[in-house]
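Okay, structure first, notes after.
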Amino acid sequence: MSISENIKENLKVRVQRNLNRNYIKRLLRIIGSRPVLMLYGKSFSSVSDEYLNKISIKHILDAYQEKKEVAYSSLFMPSEFFHGLDIIPFLPEVFAGYTAGLGLADQTLSGASSKWFSTDLCTFHRSASGAVELDLFPKPDFIICTNLACDAAQKSFFLDAVKYGIGKNYYLIDVPFDNANSSLEYLSEQLKNTAHKVSKKMGKKIDYKKFREVIGHSNDFRKWALKVNKLRKELLDYPPNFNGLNFIYPFHGLSGTRDAAILFKKIYEELGLLLDNQKSPEKRVTEKKRLLWLHLKPYYKNDIFKIIGQHDAIVAFEEISNVYWPELDPGDPFRSLALKMLSHPLNGSIENRLRAILSLAEFYDIDGAIIFSHWGCRQSNGGSRIIKDELSKKKIKTLILDGDCVDKNNSSSGQILTRLQGFLEFL
Amino acid sequence: MITDKKGLSWTQKTAKNFIKDIQKEKDTKSKIGWVCTYTPEELILSAGALPYRILSKAPLNDDKGYLPINFCPFIKSILQQVFSEDDLKAIVIANSCDGLRRLYDIIDYYKKDIEVFLLDVPRNTDKLSVRHFFSNLVRLNLFLQGCGTSEEAVSLYDAVKIVSIKKKLLKSLKEVYLTDPEVLTFSDYEKIVELSMIKDPFMLVPRLEGLLEELDKKDVGTRAGHKYTDIYLSGSFVMEEKLWGLFDELGLKIVDDDLCSAKRYFSNVIRPLKNISLDDSIMSISESYLKKTPCMRMADLSIKLDEIKEGIRKTEAKGFIYISMKFCDNSLLFYPLLKEGLRDFGIPSLFLELETNNFPEGQVKTRLQAFKELMI
């Protein structure tokens, strides 16, 4: 076990034994302090992994410190909205993934069950609700979420608002189905109105200068993310432990911060060196089967990606890393953010998602696609058959892998690995 | 009480005959299917078509594997029905939940011989949302007008008028049941509501008026010897005749039926206004539908909770039954809030998670019997 894995294991055990918000805050303070963070950072096997961990700890700690207003937000609510309002966004769905990684999901899911959450529901939302029930997450001042992609987020967040007695500070940004002009107006008006209401409650006015700065960072992040994605078209080797599905927090929660832009610049530089190395004449490159990963992955310890590597295959790209939105206009933040939301391939008809998937499959010269069919995710699983049939028209084989991203007990690892191995051999 | 050989009172027999007669009526208009009560049937009717709710009554045996196993069985049944029915001119699917959105995609992708329209329904009810819903309804209206059913078209005024009369009559019918379940059973009341969602209102309304007149003549002392336990019922879509039968059999009187197959279908009555523009008419439809008795899909669940609490208070219900369709995220995620909210009332509650057309009758009967005993 490497030093970083040792440290992580140690942290896991400590959190598991001291399951409360104050302990998590204290722990974050310790590992977030400059010397520890520097030391801890050195233990990572790649520059991008190190920076990812450092900025994640910094921003999560910010949320726990409660020095500024904190807002719970759903994954697809653009975080630029919060950074522009000088509010710290906290994404319970993402941190539900962390509960799996830290081995806390058994407790959080049990917390949710004790509060009548049905086991038929998505475990991201159940685990997040359980964590809220157990008081593990920072206290929110606002809850501003969206129905983009899924119903469960807005509902479970409403329950959080009730739990914290902030029902009046709950806002649902209702994202229309299509991206007609009237939809853009409707959505940008909602964002603007909500920003006004929230600012008023904080005793402030909307700071458009701040929004301009945030949108600037967001565009910078977008630029580097696009470069990273372009570079991955040819890349066959990644740094150890690199997985595009690990960057969800910065990609969604930190978009609009300088840190996210720097992180993606670092990733670009690191992967660029690997690509240069790969292209050098003396380097012997083994051809690999190229996979497109759809939806998310299990966040608890599993062997899926090891098996993929063992079969001379790589995840060439993940749907979640797709930069789907156009450059944002710093002078018109709410309209820009509305456009970003409406551009999301998971919004509206499955045709939008299909279009994005087919374009990624073509760009990354994909041999096979894996849809990780997360338990309880109706919006994604409901479209799996169409995706499979459409990819099949392009002669791309698809594996629908049933499992659970958060609850290891609801995922048959043996079955997953057998099916995965069969699929990889078939490719 | 005077009853026939089957133990039916003459009013019950009248209701049953009414149901039989209406069922026999042939549909003369082209059918346009709808699935969610946020779809205004007034617009379908004014386009000259029959608004036909897809109730998916057939057992689920061929969903063609388009949807995963852990998916709303109601939606799977709708899918099965859409694939097996050949007389649907078009179908309108409201964007009320993730499941319905995917239903739209599957019909659009695999069933090319049917026109399908996705009606986007906002989750908030403020002015901005009403306006947005209005523009979606204008688009729906254009779609419907282009469906080729215009020979039977009626003015929107007439459509609004007939639907509002129908909904008022359904409310009156419910009053008859509430006044005396021996006059009209819950099963028959629900069956009539069901028919009102699939039959031509221009045919149904005068007959329904006739039925209400007949039932009003009741001269039997039916109440003697019958004890009912008042139950407040809430939940998602349920159209389970065996369950209604159990309520009747066990003497559970449903004092409110907050279901999308009952009250939430007919709660909003629009006042028909002559000499107003088409836009104004559609705007009033937009306002009425968006602000009707809410489904659990809407953003502000506290409104729903307050409404249920107020309902329990008003009806003085002795028990509460919540029914959720299996895998229905919207209703399942409302339950934790509801459970907490009901704590103040101190009345027993029962949670039933059901599947369309796969009703575990014996099990539910035992649970209902035990539940009733709690209230005695």
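Normalised by the number of residues in the range B:253-340, what is the relative contact order in percent for Cα pairs under 8 Å and 6+ residues apart?
Worked out over the range B:253-340, it gives 28 percent.
On a 0 to 90° scale, report how tilted helix B:156-179 is relative to the longest principal axis of chain B, with both axes built from alpha carbons and the result rounded to the nearest 10.
Helix B:156-179 and the main axis of chain B meet at about 10 degrees.
Kindly express, to the nearest 10 degrees and within the range 0 to 90, the angle between helix B:127-145's C-alpha long axis and the longest C-alpha principal axis of chain B.
70
Share of antiparallel DSSP beta bridges in chain A, in percent to the nearest 5?
0
Among A:L231, A:I267, A:L254, pick out the residue whose Cα is farthest towards the positive end of the charge dipole of the range A:229-273, where Lys and Arg carry +1 and Asp and Glu carry -1 on C-beta, about the Cα centre.
Positive-end residue among those listed: A:L254.
What is the average number of partner chain Cβ atoms found within 10 Å of a Cβ in A:179-185?
3
If you take each beta carbon of peptide A:172-178 and count the beta carbons of other chains within 10 angstrom, what is the mean?
Taking the mean over all residues of the peptide, I get 6.
With each run of n ≥ 4 DSSP H residues scored as -39500 (n - 2.57), what mean residue ellipticity at 222 nm is computed for the protein assembly as shown after dividing by its residue count and rounding to the nearest 500 deg cm²/dmol?
After summing the helix terms and dividing by residue count, I get -16000 deg cm²/dmol.
Would you mind computing the Rg to Rh ratio of the range A:204-288 from its alpha-carbon coordinates, Kirkwood style for Rh?
1.12
Answer with one residue from B:W34, B:I19, B:Y66: the one whose Cα lies farthest towards the positive end of the charge dipole of the range B:1-68, charges on Cβ with Lys, Arg +1 and Asp, Glu -1.
Toward the positive end, the furthest listed residue is B:I19.
Taking Cα pairs under 8 Å and at least six residues apart, what relative contact order does chain B come out at, in percent?
The normalised contact order for chain B reaches 21 percent.
If I fit a long axis through the Cα atoms of helix B:73-84 and take the longest principal axis of the Cα atoms of chain B, what angle between them do I get, 0 to 90°, rounded to 10?
50
Output the peptides B:231-243, A:349-361 sorted from most to least packed, where packing is the average of other Cβ atoms within 10 Å over each peptide's residues.
Output ranking for B:231-243, A:349-361: B:231-243, A:349-361.
Where in chain A are the helices, taken as whole DSSP H runs, whose Cα atoms extend 20 angstrom or more along the long axis and whose Kyte-Doolittle mean reaches at least -1.0?
A:3-17, A:47-65, A:208-231, A:258-279
Please report the spacing between the Cα centers of the range A:406-427 and the range B:31-66 in Å, no decimals.
So the two Cα centres are separated by 39 Å.
For the range A:358-374 and the range A:193-209, what is the centre-to-centre distance using only Cα atoms, to the nearest Å?
Answer, in whole Å: 41.
With contacts defined as alpha carbon pairs under 8 Å and 6 or more residues apart, what's the relative contact order of chain A in percent?
18
To the nearest whole number, what is the average tally of beta carbon atoms from other chains within 10 Å of the beta carbons of peptide B:71-80?
1
When the dipole is taken about the Cα centre of the range A:160-264, and only Lys, Arg (+1) and Asp, Glu (-1) are charged at their Cβ, what size is it in debye, to the nearest 20?
500
In a Gaussian network model over chain B where Cα atoms closer than 10 Å are linked, find which of B:K291, B:K171, B:K217 has the largest mean-square fluctuation.
Sorting by GNM fluctuation, first place goes to B:K217.
If you take every DSSP beta bridge whose two residues both sit in chain B, what share of them, in percent to the nearest 5, is antiparallel?
Approximately 5 percent, going by the DSSP bridge assignments.
Which of B:K16/B:K217; A:K289/A:K395; A:K139/A:K297; A:K168/A:K201; B:K29/B:K166; A:K42/A:K301 have a Cα-Cα distance over 20 Å?
Those over the limit are A:K139/A:K297; A:K42/A:K301.
Give me the aspartates and glutamates in straight-line cross-link reach of A:K58: C-alpha distance below 12 Å, same-chain residues under 8 apart excluded.
Qualifying aspartates and glutamates at Cα under 12 Å: A:D259.
At 7 Å along the Cα-to-beta-carbon direction for both A:S199 and B:Q363, put a label point, then send me their distance in nm to one decimal.
If labels sit at A:S199 and B:Q363, their model points lie 5.5 nm apart.
Using Cα centres only, tell me the gap between the range B:112-157 and the range B:249-293 in whole Å.
Cα centroid of the range B:112-157 versus Cα centroid of the range B:249-293: 17 Å apart.
What distance in nm separates the simple spin-label points at B:D158 and B:N70, each placed 7 Å from Cα in the Cβ direction?
If labels sit at B:D158 and B:N70, their model points lie 5.1 nm apart.
Given the pairs A:K67/A:K205; B:K304/B:K365; B:K263/B:K309, which are separated by over 25 angstrom at their Cα positions?
As for pairs spanning more than 25 Å Cα to Cα, those are B:K304/B:K365.
Throughout, read-outs are computed from the coordinates displayed, never taken from laboratory work. This structure is a prediction, so every number in the text was calculated from the model and none was measured. Virtual Cβ from ideal backbone geometry, glycine too; neighbours counted across all protein chains shown.
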